[in-house]
Amino acid sequence: MKKITINTLLKWKQEGKKFASSTAYDASFAQLFESQEMPVLLVGDSLGMVLQGKEDTLPVTVEDIAYHTKCVRAGSPNSLLMADMPFMSYATPEQACQNAAALMRAGANMVKLEGGDWLVDTVKMLTERAVPVCAHLGLTPQSVNIFGGYKVQGREDAQADKMVQDALALQHAGAQIILLECVPASLAERITKAVNVPVIGIGAGNVTDGQILVMHDMFGISANYMPKFSKNFLTETGDMRKAVAQYISDVESGAFPDDAHTIA
């Protein structure tokens, strides 16, 4: 696989070419994903749940993410590798820079932050200091205690309008990718058309530029539950490599997510 950069994804958006992405946490699976030409990998703080067995992502530390980022980079030298900034690791712009530096040194190409326009100053400071940013909107799992659970976001008109404005503000501040989680497909389409940067969706319909799945959901081995928007590709193929290839193909064709895996 040729080296994937943000310019690759931007070119694909402009061409209307959809792309797949997945979480990854170790070298072996990272190598498997790269062998099937998965262009984007994320070391997600989801590791707190799928690897550590926690109830949510809040206990994950910068050290945890940095360790797994090193592992994934060792197995996949050519993917665009994003790393999550854990809970309270970017409470101030200065703190964000210090912690983002640790993740970039571990091998990340980009960091991902959860939040709306309150992150504008942080995103500006990071990008001015050569740290690319993916801005995560919608259901932001680090805010689970504010939301009162893992609930769909953006169904009300005012909330939807605010999310569109947040996406534009974060793009203007320098964010180079927008990630939308658990939002109605109609809102995801509005945001994808409104911004010039690639938009990755999870539980946001097939209208975004890219899709992402937690790898454990892709293989049907999540310890807790399978979200409605996730699909077990292993049951259809019986082989992990074929499952990854099928996921990538279905995303590129727009076949996944279909109506059964889309939030209304």
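Some points to look at:
- Per the listing Lys70, Lys124, Lys112, the residue uniquely under 13 Å from the mean Cα position of the chain (by Cα), at pLDDT 95 or above and basic (Lys, Arg) is Lys112.
- Odd one out for Asp209, checked against (1) among the charged types (D, E, K, R); (2) surrounded by 20 or more Cβ atoms within 10 Å (Cβ to Cβ); (3) without any contact (Cβ under 8 Å) to a residue 60 or more places away in the chain: (3)
- Candidate set from segment 237-258 (those that are in contact with a helix residue (DSSP H, G or I) (Cβ under 7 Å, 6 or more places away or on another chain), outside any loop (DSSP other than H, G, I, E, B) and hydrophobic (A, V, I, L, M, F, W, C)); member that is farthest from Lys13 (Cα to Cα): Met240
- Residue satisfying all of: in segment 91-109; under 17 Å from the mean Cα position of the chain (by Cα) and not hydrophobic (A, V, I, L, M, F, W, C); surrounded by the fewest Cβ atoms within 10 Å (Cβ to Cβ) among these: Gly107
- The listed residue being surrounded by fewer than 16 Cβ atoms within 10 Å (Cβ to Cβ), closer than 17 Å to His136 by Cα and small (Gly, Ala, Ser), out of Ala260, Ala160, Ala194, Ala167: Ala194
- Exclusive hit being over 20 Å from Glu34 (Cα atoms) and either without any contact (Cβ under 8 Å) to a residue 60 or more places away in the chain or in contact with a strand residue (DSSP E or B) (Cβ under 6 Å, 6 or more places away or on another chain) (or both), set Gln165, Gln246: Gln165
- Among residues of segment 229-252, those that are touching an Asp or Glu at 6+ places or on another chain (Cβ under 8 Å) and of a type in the set (Lys, Arg), counted: 1
- Remark: Val40 falls outside the filter, which requires a residue to be under 20 Å from Leu126 (Cβ atoms), aliphatic (A, V, I, L, M), surrounded by 24 or more Cβ atoms within 10 Å (Cβ to Cβ) and out of contact with any strand residue (DSSP E or B) (no Cβ under 6 Å at 6 or more places or on another chain).
- When segment 158-184 is filtered for residues that are at pLDDT 95 or above, of a type outside the set (A, V, I, L, M) and assigned to a helix (DSSP H, G or I), the ones remaining, listed by number, are Asp161, Lys162, Gln165, Asp166, Gln171, His172.
- Output for segment 46-61, where each listed residue is of a type in the set (A, V, I, L, M, F, W, C), over 16 Å from Ile221 (Cα atoms) and buried (at least 21 other Cβ atoms within 10 Å of the Cβ): Val60
- Residues that are part of a strand (DSSP E or B), buried (at least 23 other Cβ atoms within 10 Å of the Cβ), touching a residue at least 24 places away in the same chain (Cβ under 8 Å) and in contact with a Pro (Cβ under 9 Å, 6 or more places away or on another chain) occur in segment 67-80; there is at least one.
- Total residues in segment 1-37, condition part of a helix (DSSP H, G or I) and either crowded, with 20+ Cβ neighbours inside 10 Å or not aromatic (Phe, Trp, Tyr) (or both): 18
The values are calculated or read from the model by the stated rules, or taken from the named source; none is laboratory data. Values in this document were obtained by computation on a predicted structure and should not be read as measured data. Here Cβ is always computed from backbone atoms with ideal geometry, including for glycine, and neighbour counts include all displayed protein chains.
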